[in-house]
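Read the structure below first, then the notes.
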Amino acid sequence: MPSTASLHGQVTGNASSTDRPTMHYGKKDVFVYRTYAKPLKANKQIPESNFQERKNTLFGVDVQVALHGEAFLKNYTDGDNSTCVATDTMRNYIELSGGKIEYSTIDGFLVETAKGFLKQWPHIEQVDLAGQSVEFDDVPVEKNGKIENSGIMFRPRKTERPRASVSVRRNGDNFEIVNHVSGITDIHLMKITGSSFKGFIQDEYTKLPEKEDRNLFIYVDIDWTYNNFEDGANLDTSNYVPAEQIRDIAATVFHELNDQSIQHLVYQIGLRILERFPQLKDVSYYTNNRTLSEVAPADNGKGKVYTEPTLPYGFQAFTVTRDDLKK
Ligand SMILES: O=c1[nH]c(=O)c2[nH]c(=O)[nH]c2[nH]1
């Protein structure tokens, strides 16, 4: 199976009609910053989140593109570039798409851009596009004696970045979405009490002490798929699930649950997400354990002193499906 362009490491299957299924090429890190893109509104309110709207006044996305098609074979075998869309051209196409499409999500931007590629160059069989948001926060400033968001000035944020990937394939005269994943990367959450880790295998290799109550610091990436591609990969966002609501569910469940491990925690987060959003098919995780190392209790008996954990770090990967919700 070929692995195709995706920031999620998704595999889309045999993408080309050629007997060289790994053949694809493209461009990475195409940055598109669009001002005054269409706002994204929450379609429903959920108890775990007060998210209402993503304003999209400054919408940045880091895009990766890959093209598939039998017609590209001669670029390799004969040095014949007559069918080659230069990767520089791909970059220009994606950048200009940023001003042509009225998108409010990365998913919508990518799917329309992918269809645009297939229209523009009829020998392309499949386009894979992946995008990761470049996040900016509106900066609070003083306006007439009150502190309010500037609206025109932003500061970059490195965490909690929505992301998406799509693959769109030519099918006769139609363009068919064959893969779509939506997600959010680098949710960093630190809980100072209410987590334990005990009961794990004890043998001659075990050094880690059991903990009835520990701090738990996790880096979490969450990806989800829809029952119908059209609900997520579309300019119409009436069934779209905003990444902010997923992020807020993760935080609420982490806050509420007396978790026995990261594995236990992510399963419960997954169940809650699927319960809230019936249009989703499954929820996948990649977590990184950054639990801080304890140095000493504070002299006043109330707090503790911690320091950074040492390498190496543990990770967990898991997919929660609708079958899990039935159980
Ligand atoms: O939540 C955890 N899960 C593990 O599998 C594990 N392993 C470990 O050393 N610490 C932890 N914490």
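The values are calculated or read from the model by the stated rules, or taken from the named source; none is laboratory data. From a predicted model like this one, the values you see are computed outputs, not experimental measurements. Glycine gets a Cβ as well: all are built from the backbone with ideal geometry, and neighbour counts include every protein chain shown. Ligands, DNA and RNA are excluded from the accessible area calculation, which covers all protein heavy atoms including side chains. Shrake-Rupley method; radii C 1.70, N 1.55, O 1.52, S 1.80 Å.
Pairs meeting the criteria (first residue in segment 192-209 and within 9 Å of the ligand (Cβ to nearest atom), second residue open to solvent by less than 80 Å² (accessible area, probe 1.4 Å) and among the small types (Gly, Ala, Ser), beta carbons under 6 Å, at least 6 apart or on different chains) are PHE197/SER261.
A count restricted to segment 268-327 and to residues that are in contact with a Gly (Cβ under 8 Å, 6 or more places away or on another chain) and hydrophobic (A, V, I, L, M, F, W, C) stands at 3.
When you look at VAL181, is it in contact with a His (Cβ under 9 Å, 6 or more places away or on another chain) and within 16 Å of the ligand (Cβ to nearest atom), yes or no? For VAL181, the condition - in contact with a His (Cβ under 9 Å, 6 or more places away or on another chain) and within 16 Å of the ligand (Cβ to nearest atom) - is not met.
Residues checked against (1) closer than 25 Å to ASP223 by Cα; (2) assigned by TED's automatic domain parsing to the domain that holds PRO162; (3) of a type outside the set (Ser, Thr, Tyr); (4) touching a strand residue (DSSP E or B) at 6+ places or on another chain (Cβ under 9 Å):
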residue	(1), (2), (3), (4)
GLU53	yes, yes, yes, yes
THR57	yes, yes, no, yes
ASN75	no, yes, yes, yes
SER104	yes, yes, no, yes
ASP128	yes, yes, yes, yes
PHE136	yes, yes, yes, yes
PRO140	no, yes, yes, yes
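Only one of ASP62, ASP107 is of a type outside the set (Lys, Arg), in a strand (DSSP E or B), modelled with pLDDT of 95 or more and surrounded by 17 or more Cβ atoms within 10 Å (Cβ to Cβ). Can you tell me which? Going through ASP62, ASP107 in turn, just one is of a type outside the set (Lys, Arg), in a strand (DSSP E or B), modelled with pLDDT of 95 or more and surrounded by 17 or more Cβ atoms within 10 Å (Cβ to Cβ): ASP62. Among the hydrophobic types (A, V, I, L, M, F, W, C) and open to solvent by less than 30 Å² (accessible area, probe 1.4 Å): is that true of ILE101 in this structure? In short, yes. Does any residue of segment 73-94 turn out to be within 15 Å of GLY131 (Cα to Cα), assigned to a helix (DSSP H, G or I) and within 21 Å of the chain's Cα centre (by Cα)? Taking every residue of segment 73-94 in turn, at least one turns out to be within 15 Å of GLY131 (Cα to Cα), assigned to a helix (DSSP H, G or I) and within 21 Å of the chain's Cα centre (by Cα). A count restricted to segment 117-137 and to residues that are part of a strand (DSSP E or B) and open to solvent by 40 Å² or more (accessible area, probe 1.4 Å) stands at 2. When VAL220, VAL241 are checked against the criterion of being within 14 Å of the ligand (Cβ to nearest atom), open to solvent by less than 40 Å² (accessible area, probe 1.4 Å) and not hydroxyl-bearing (Ser, Thr, Tyr), VAL220 stands alone in meeting it.
Filtering segment 269-296 to residues that are of a type in the set (S, T, N, Q) and away from the ligand (no atom under 13 Å from the Cβ) leaves GLN279, SER284.
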